[in-house]
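A short reminder: the numbers here are calculations on the coordinates, not readings from a lab. If you're wondering where the values come from, they're calculated on a predicted model, not measured in any experiment. Here the Cβ is made from the backbone with ideal geometry for all residues, glycine too, and neighbour counts use every protein chain on show.
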Amino acid sequence: MTPSKTIYILNGPNLNLLGQRQPEIYGTNTLADVERNCAAVATEKGFDVRLFQSNHEGVLIDTIHEARQKACGIVINAGAFTHTSVAILDALNTFEGPVMECHISNVHKREVFRHHSYISLRADGVLVGLGVEGYALATRRICSILSA
Ligand code: CA2
């Protein structure tokens, strides 16, 4: 089987509302903009991206399982599941490629319950508070890890 050149960009609960609500925290870009930005970076380096969003923990876990066969790397913003989900951490631990954790807002400047991340126990890098630019930077980092 030819090795995958596809990077999965996974998004958790409420991120479907990106660009429509709370622009003071999350900005005005939408997930479609995120996908376009990540695709531009990936294409330049010979990779491609697929963006997913779900409000359901089990669906995110199923998508991570799918990534085991179909993706070479994962950028994940698990939303609020970041702070609660051992199950998503367990799923990520079954994935062999690079994993970048991304948060649009600076979670460390926010409520204390946002300061802990289960995902960070698996992530190879964490991008926090860089707005939606963090996704493209995370994509770039995965491309450089895999091209090294
Ligand atoms: O800063 C981030 O990217 C977060 O992962 C976003 C999560 C939050 O629970 C994390 O602590 C930090 C919330 C996502 C909500 O997304 C929305 C986007 C636009 C409008 C409303 C919600």
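Here is how the numbers come out for the structure above:
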{"item": "Residue order, fewest to most surrounding Cβ atoms within 10 angstrom, among 43, 139", "result": "43, 139"}
{"item": "Chain lengthening between residue 16 and residue 86 when straightened (0.36 nm per residue, less Cα-Cα)", "result": "22.9 nm"}
{"item": "Dipole moment magnitude, nearest 20 debye, the chain about Cα centre, only Lys, Arg, Asp, Glu C-beta charged", "result": "180"}
{"item": "Local electrostatic count at residue 87 - Lys and Arg +1, Asp and Glu -1, tallied over other residues with Cβ under 12 Å", "result": "-3"}
{"item": "Evaluated at q = 0.16, 0.17 Å⁻¹: base-10 log I(q)/I(0), Debye formula over Cα of the chain", "result": "-0.79, -0.89"}
{"item": "Surrounding net charge for residue 117, when Lys and Arg each add one and Asp and Glu each subtract one, Cβ distance under 13 Å", "result": "+2"}
{"item": "Footprinting exposure proxy for 113, 47 (fewest neighbouring C-beta atoms within 10 Å first)", "result": "113, 47"}
